[in-house]
1. Those residues that are in contact with a Leu (Cβ under 7 Å, 6 or more places away or on another chain) and assigned to a helix (DSSP H, G or I), I need them from segment 449-479; list them, please.
2. Can you tell me which of (1) surrounded by fewer than 20 Cβ atoms within 10 Å (Cβ to Cβ); (2) modelled with pLDDT under 90; (3) more than 25 Å from HIS513 (Cβ to Cβ) is the one ARG391 doesn't meet?
3. Suppose the filter is at positive phi, more than 29 Å from the chain's Cα centre (by Cα) and open to solvent by 60 Å² or more (accessible area, probe 1.4 Å); does GLU450 pass it?
4. For segment 289-300, what are the residues that are outside any helix (DSSP H, G or I) and either of a type in the set (Asp, Glu) or open to solvent by less than 10 Å² (accessible area, probe 1.4 Å) (or both)?
5. Could you give every pair whose Cβ atoms fall below 7 Å, whose first residue belongs to segment 490-518 and is under 13 Å from LYS538 (Cβ atoms), and whose second residue is modelled with pLDDT of 85 or more and open to solvent by 90 Å² or more (accessible area, probe 1.4 Å), counting only separations of at least 6 or pairs across chains?
6. For segment 22-47, name all the residues that are in contact (Cβ under 8 Å) with a residue 40 or more places away in the chain and surrounded by 21 or more Cβ atoms within 10 Å (Cβ to Cβ).
7. Mind checking which residues of segment 263-278 are under 18 Å from TRP54 (Cβ atoms) and either open to solvent by 10 Å² or more (accessible area, probe 1.4 Å) or charged (D, E, K, R) (or both)?
8. Might you check whether a residue that is surrounded by fewer than 14 Cβ atoms within 10 Å (Cβ to Cβ) and in contact with a Lys or Arg (Cβ under 8 Å, 6 or more places away or on another chain) occurs anywhere in segment 301-314?
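The values are calculated or read from the model by the stated rules, or taken from the named source; none is laboratory data. From a predicted model like this one, the values you see are computed outputs, not experimental measurements. Every residue, glycine as well, gets a Cβ built from its backbone with ideal geometry; the counts of neighbours run over all protein chains shown. Accessible surface areas use protein heavy atoms only, side chains included; no ligands, DNA or RNA. Shrake-Rupley method; radii C 1.70, N 1.55, O 1.52, S 1.80 Å.
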Amino acid sequence: MTQPKYKVTYISNSCGNTDELSNQPHESVAQSLYNLLINHKEVTHPVIGIEGSWGSGKSQVINILQRIIKDENKTDEFCFITYDIWSSQEDLTRRSFLDSILSNTKNNNKDFVTKILEEDYDKLNATSIIRKTRTFPSIRFFFATLLLIPIASFIINSIEHFIGYNNNALLTYDQLKGCLNLILSLFSLIVFIISYKQELDIINSDSNKKNFRAWKKFMCIVGRMLYVFKEKDIEKEDYETIITDEPSVSRFQHTFDDVYKSLKAEKTLIIVFDNMDRLSDPSKLMSSWSLLHTFFAERDYKGKIWAIVPYAKQQLIELMNSKGNNNSSKTSEFINKTFFTTFRIPEPIMGSWKYFLNSKLNYAFNPAIDDEDKTVVALIFSRSMVDRLIRPRDIIVYVNKLVTLYSQHYFEEIPIAALALYAQYEDKFTQPLDAILKFKGFESLVPLFEDSNQLSGWLSSIYYNLPSNEAIEVAYERSINAFLQTDYEIMDGKDEKESAYKDLSSNKAFKHHIEEYFNIETDYTHLKMENLFYLLEKTDISSFTRQKIYRNIANQIQSLKDQFSSYESWMEYGFLNCDEKSTNTIIDTLIHESKQNFESYYQTIIKLIKIKETRKSLRVSVGNFVTESIQDMVNLVKYLREENAEKYYT
């Protein structure tokens, strides 16, 4: 197998702590944010926004801020806690937020507080428990069997009293009572022995009692067995009801104030509310907004606690307005009032993102790809992003797609530029034939490649995951099939079939692919004969292939007869150019099928006779037609006489 030209490496999609854009917009924002945190402790509304679209690098700004703090040797003065709103959306309560802060401080940042907030943490997670106990007596089976003896005697005495004595009975009542008492006594004895054995096993398994003497063991067992109820007296079942009260807002604020008071001198707590703009439920968005107001609105933490909220403003506005409020300006004003100040991630300039793209390409491909290829790769990317903001994440995704495609297809030696074209315009391949053969959606980029036919081969190879020569055959086979199976119409004076054929035949290799298609395809029952005859008329294919097609039609005519039930104008070209034997077979079927309707039959005969005038060797036989209208037959005979065509009547 061909060895790859490049050793490739995927680029991590996680945010780094360095700004690789040439104008360094993220570094600038992070530095300004750092200066605010260090120099402005007087702020009484400590909520800072970082505005930018998805993938613009908001999280990277936070990472760069942490790096700057480290570079300035101030790591010991700052504690960062990230509260991921998106992953916590199923429990967006003040309790869950505060629990996250307290547990993080308790477990991971003990050096930042004067005391571990054990009491606050325990109070927050405390629950009220109501315990209910129900008792259920359980009598021993041994005593239950003994109770059966007096019960049996009582039943027999009652029968004797109310029914009387039967002189012919097999047993007297006294004898019956004696038998039952004896049986029940023996049964009780058996139960006693079994119970004794069980109790003995229990004592022998007890390390403190198994060494008792036999008499002591016997007395212990008998003592246990003489308890009427098992387990000394009763069995108990306990049920718990746990009641959890949501603490009040003031209690939450008080607890958070404890966090503030517990921070050591010169220590600053920074809470990042991440992924707020990824929420899809407006009610959950408002819950998260409520968190900000509960803990930070107009509360002076003397610069020791800050909330930083990265967000995509447009996404927040759309989500807030999804509940029926369509006033975007008011929604925007509501968002702006939440923040003391907002840092905006600027859009990368042309030179900046090109520099970033080149650096990622150099990292991903070793050795580095040619400068000419880099230029084409950058041009393909910029054309696809003409109406969109270019974000670092878009570039990383683009390069990683390129790495994946190269890893899959390097042995086909497909150029990097073709791989880049597919990577960035993959969504256009939902209609693969249009994309591969017509380049729909990226026509303006085709001139970047010397040979459009070769480009089709590369794109089909990528899409079908086949060698180029096989893949392009698959693409053309499906394209030709689509043309031959479609019902076309004339819409607004435009012939759809003509347009489709023009698109299909525009490729230079079209004739070759038509020949290949009909060398393989022999079953025409799924094809539209009108489209096939049109293709034969318009396409310059070999005489051998053409005659092969006509013979196949004649051989399958019984399966195709529904398409030959009456004469149509598209048939003329075939009748004039098809071999004589095949044509006559088709015509015979056409005449026979047209007899289902006299008007159809009449017109078919007229047209065939005119064609026969041009091609004398054709066989046209006019037979009897059963019709209720004598005039129909008179008109037909009259026509035959006028055209001097009576000889065709058999």
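1. SER456, ILE462, VAL474, ALA475, ARG478, SER479
2. Against the list (1) surrounded by fewer than 20 Cβ atoms within 10 Å (Cβ to Cβ); (2) modelled with pLDDT under 90; (3) more than 25 Å from HIS513 (Cβ to Cβ), ARG391 comes up short only on (1).
3. no
4. Looking only at segment 289-300, we keep the residues that are outside any helix (DSSP H, G or I), and these are 297-300.
Matches in segment 289-300: GLU298, ASP300.
5. Sorted first by the residue in segment 490-518, then by its partner, the pairs are TYR501/LYS538; LYS511/ASP540.
6. Within segment 22-47, PRO25, HIS26, VAL29, LEU33, LEU37, PRO46, VAL47 qualify.
7. ASP274, ASN275, ASP277, ARG278
8. yes
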